[in-house]
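The values are calculated or read from the model by the stated rules, or taken from the named source; none is laboratory data. This one's a predicted model, so the numbers in the text were calculated from it and none came from an experiment. Cβ placement follows ideal geometry from the backbone for every residue including glycine, while neighbour counts extend to all protein chains displayed. Note: areas computed on protein heavy atoms with side chains; ligands, DNA, RNA excluded. Shrake-Rupley method; radii C 1.70, N 1.55, O 1.52, S 1.80 Å.
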Amino acid sequence: MRAERSADVRPASITPMTTADVLEAPPPRLTTADAEGVARTAFGIEATAKPLVSERDQNFRLTDAAGAGWVLKVSNAAEDPGVVEMEVAAVERIALVEPSLPLPVARPALDGSSIATAHIGETHHLVRLLPLLPGRNAGPGELDAVSVRDIGELVARIGHALRGFFHPAAGRTILWDQQRLPLLFRHSALVEAGPRRDLLERVIERFRARLPALLTLRSQVIHNDLTLDNLLVDEAGHVTGVIDFGDMAHTALVLDIPATLQSLVRERDDIFDVAQAFLAGYASVVPLEELEAELLGDLLAGRMAQTILISAFRTRQYPDNAYIHGWSEPAWVLLEQLDAVGFDEASRRLAAMAIQPMRSSVASDEALVARRAVLGSALEPLSYRRPLHLIRGRGAWLEDADGRRYLDAYNNVPVVGHAHPRVVDAIARQSSLLNTNTRYLHQHVVELAERITASMPNELDTVMFVNSGSEANDLAWRIASTVTGGDAGLVTDWAYHGVTARIADFSPSEWNDDVRPDGVETFAAPNTYRDPFADAADAPAIAAEEVQAAVARLRERGGRPAALYIDSLFSADGIFTPDPAVVRALVATAREAGALWVADEVQSGHGRTGGGLWGFSTWDITPDFVTLGKPMGNGYPIAAVVTRSDLVDRFAKATTFFSTFGGNPVACAAALAVLDVLEDEDLVARAATVGDSLRGDLSALTDRHSSIGDVRGRGLIAGVELVLDRVTREPDRELAARVKDEMRERGVLVGTTGRHGNILKIRPPLAITADEAVVIPTRLGQVLTDLER
């Protein structure tokens, strides 16, 4: 036995043949010893071989001593070498266009070629060594609508990646190309006479009538066999491998749909529900033309006829091949299901499903154009490369205009879950009764203030209501500057605290590069991953020096600090959880300089940190002000400043305060319902337990992905810092952006944060369950694997 480069050696006995000839030729009959010998001599791999199922070729799983896995693919002796070369080139093309797709890119042989020729006695076979992709074949009943939709997207992405690709071998005659179905009609005589044969003949006649239209559809090289046999998935139903490009053909692009759909609906009663999910995913990437949509029903039936007819003559040739024997019955069942509905009605339903996602896409495109026209150029860009058009949410899930669901691992506003029924009911009930302002008596605002102050240190006895976190921070500034006489703020160097004129000045993450407001000075956030704070034994002293230096710079400009603002999770800076002594040093130094401390709980409050309702409580020091916002009404606008009555009394001597909508009855009803749900559903404790588990799973990814430099956080917020190199810790902003977009494509929404935008911000609603949270690290691991490939 020997292995040679196919480009150099092409034995005279091998002549190009059509795939019809290949289907009639016997499959290879290598022994496991033969396969091990080919792996050794052609590819330099010492491995143990185990046979895998196949139709006309022969496949072996190879496992080396270290446990690494490969697939040795042995082509039928009658296979045209050009066809094998086409398969290799097509995989390489798709990998170039869609690098995140899990594809079997061939490993070069010892001589550098992708294809070797193995000589077994007098028979010659082309062989390739492919990576053993992770995952398993799923049964159709295992996949939910989200997984089916994702498969629809994947099929379309592969077709899109092959657009413009061509190889001379793509023009071959292959009986799995439905345009060649008439070549199989003669085999209908092999089907026993009776109702099933009559059904088959009716399908054949319908196909004859529609063949001219099929030949006019847009055509290109397609995979043509993306069935569940050729897709590997993980336990969550996510595709981890695309295999077997042996049925590729230059044919109608739409034929990828029935090839996949027939396997997804096998042995299922809900065939149209499955079809709707699949078509929504496919059309979101490659919208169907009207005629393609109209023909879908007959093309699905045609694929079943194709399967039945090929099985009929192949099983007679190879009666011992169990793989071939398993095709026919599921095809008959699906044909009978379509017939029971009526082929015309089935075609109408499938066409409507295919067109509807196109209309949703058009609606989204129109909304995007309108948004740009009327909302202006200053509005922050949309979150993802492919805009997300959301229409509803429930719990930790969001749904877009096409019906696709996304796990929300980013938005902290719906703290108790999107559209929580108790919050919705509270808002609706109060709206139906009264909504006015705090110039009138109402119990809700008093009750809410009492419950908030009861959850705070005793000194914090007064609540002032506004409508947003920005307003809360602005009001805190007004009080602090009035009471202290100061005119400047102290903030961390990449903080975000809001959008009012003054508070925007206190938000360095929003500054333009050439703009630095006068009334503010910054100091380094206590970054637990980078110097000077990382692993520093004297971190509290470093923190004090940072604030001292900031105060000195202010005084050089004639400024006087009035307030120190600290986000209790340093969310915009990069999500840091320093030792409490570090924060106490920051606060003590600022207070010595005359500043009051504002604990910004807009992102960290309402149980996010898992150690109680408020994040600052970890530090064992009482703020002068606590500002609340985003999650307070679970999406209904309400915010507050919690402070000491003595500070408010001094402020009141200079001015009074009133907000038209601040503390209105409907907003207070929403906020009271949020507090009730947090308590009744024990969501703060859930934030702690689910958050610990989530960060543990995220940290476990560091063993497999060197791009993860650090995982940190507290409760249900996590930061995953992506780096180019763990030694230099150079930030990888580009990877973080790609991961965020790819996570969106795979149904999980995350954000990015930090000065370099290289930190993934994971911040789901507290309503997320442990089972739902597992999806986040699972998808992240898959995305990193694909992008790193």
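Taking the criterion of being surrounded by 22 or more Cβ atoms within 10 Å (Cβ to Cβ) and within 22 Å of Gly615 (Cβ to Cβ), would at least one residue in the stretch 384-398 satisfy it? Yes, that holds for at least one residue. Taken over the stretch 529-548, the criterion of being surrounded by fewer than 21 Cβ atoms within 10 Å (Cβ to Cβ) and outside any helix (DSSP H, G or I) is satisfied by Tyr529, Arg530, Asp531, Pro532, Ala534, Asp535, Ala536, Ala537, Asp538. Please determine, by comparing only the residues of the stretch 138-173 that are farther than 20 Å from Leu255 by Cα and small (Gly, Ala, Ser), which one is surrounded by the fewest Cβ atoms within 10 Å (Cβ to Cβ). Among them, the one singled out is Gly141. Restricting attention to the stretch 201-223, the residues that are under 41 Å from the mean Cα position of the chain (by Cα) and open to solvent by less than 60 Å² (accessible area, probe 1.4 Å) add up to 11.
Val274 fulfils the conditions (1) in a loop (DSSP other than H, G, I, E, B); (2) open to solvent by less than 10 Å² (accessible area, probe 1.4 Å) except for a single criterion, (1). Does any residue of the stretch 756-773 turn out to be on the phi > 0 side of the Ramachandran plot and in contact (Cβ under 8 Å) with a residue 24 or more places away in the chain? Yes; the residues of the stretch 756-773 include at least one that is on the phi > 0 side of the Ramachandran plot and in contact (Cβ under 8 Å) with a residue 24 or more places away in the chain. Among the criteria (1) closer than 28 Å to Trp614 by Cβ; (2) surrounded by 14 or more Cβ atoms within 10 Å (Cβ to Cβ), the one Gly559 does not fulfil is (1).
Entry remark, the stretch 619-641: residues being buried (at least 21 other Cβ atoms within 10 Å of the Cβ) and farther than 16 Å from Asn412 by Cβ number 6 in total. Applying the selection to the stretch 677-722, what residues are of a type outside the set (A, V, I, L, M, F, W, C) and touching a Pro at 6+ places or on another chain (Cβ under 7 Å)? Across the stretch 677-722, the qualifying residue is only Asp697. Entry remark, the stretch 23-62: residues being open to solvent by 60 Å² or more (accessible area, probe 1.4 Å) and closer than 30 Å to Leu309 by Cβ number 6 in total.
Take the residues in the stretch 411-427 that are open to solvent by 60 Å² or more (accessible area, probe 1.4 Å) and touching a helix residue (DSSP H, G or I) at 6+ places or on another chain (Cβ under 9 Å), then tell me which one is nearest to Glu679 (Cα to Cα). Even if it seems obvious, please write down each step before you answer.
The initial filter retains those residues of the stretch 411-427 that are open to solvent by 60 Å² or more (accessible area, probe 1.4 Å), namely 421-422, 424-425.
Applying the additional criterion that residues be touching a helix residue (DSSP H, G or I) at 6+ places or on another chain (Cβ under 9 Å) yields 422, 424-425.
Working: Arg422: 13, Val424: 17, Asp425: 17 Å.
Only one residue tops the list, namely Arg422.
Per-residue answers, yes or no, for (1) in contact with a His (Cβ under 8 Å, 6 or more places away or on another chain); (2) of a type in the set (A, V, I, L, M, F, W, C); (3) at pLDDT 95 or above:
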| position | (1), (2), (3) |
| --- | --- |
| Gly171 | yes, no, no |
| Trp176 | no, yes, no |
| Leu190 | no, yes, no |
| Glu205 | no, no, yes |
| Arg218 | no, no, yes |
| Leu226 | no, yes, yes |
| Ile243 | no, yes, no |
| Ala252 | no, yes, yes |
| Thr260 | no, no, yes |
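What residue, of Asp244, Asp256, Asp229, is open to solvent by 10 Å² or more (accessible area, probe 1.4 Å), within 24 Å of Asp298 (Cβ to Cβ) and either not in a strand (DSSP E or B) or not acidic (Asp, Glu) (or both)? Being open to solvent by 10 Å² or more (accessible area, probe 1.4 Å), within 24 Å of Asp298 (Cβ to Cβ) and either not in a strand (DSSP E or B) or not acidic (Asp, Glu) (or both) holds for just one of Asp244, Asp256, Asp229, which is Asp229.
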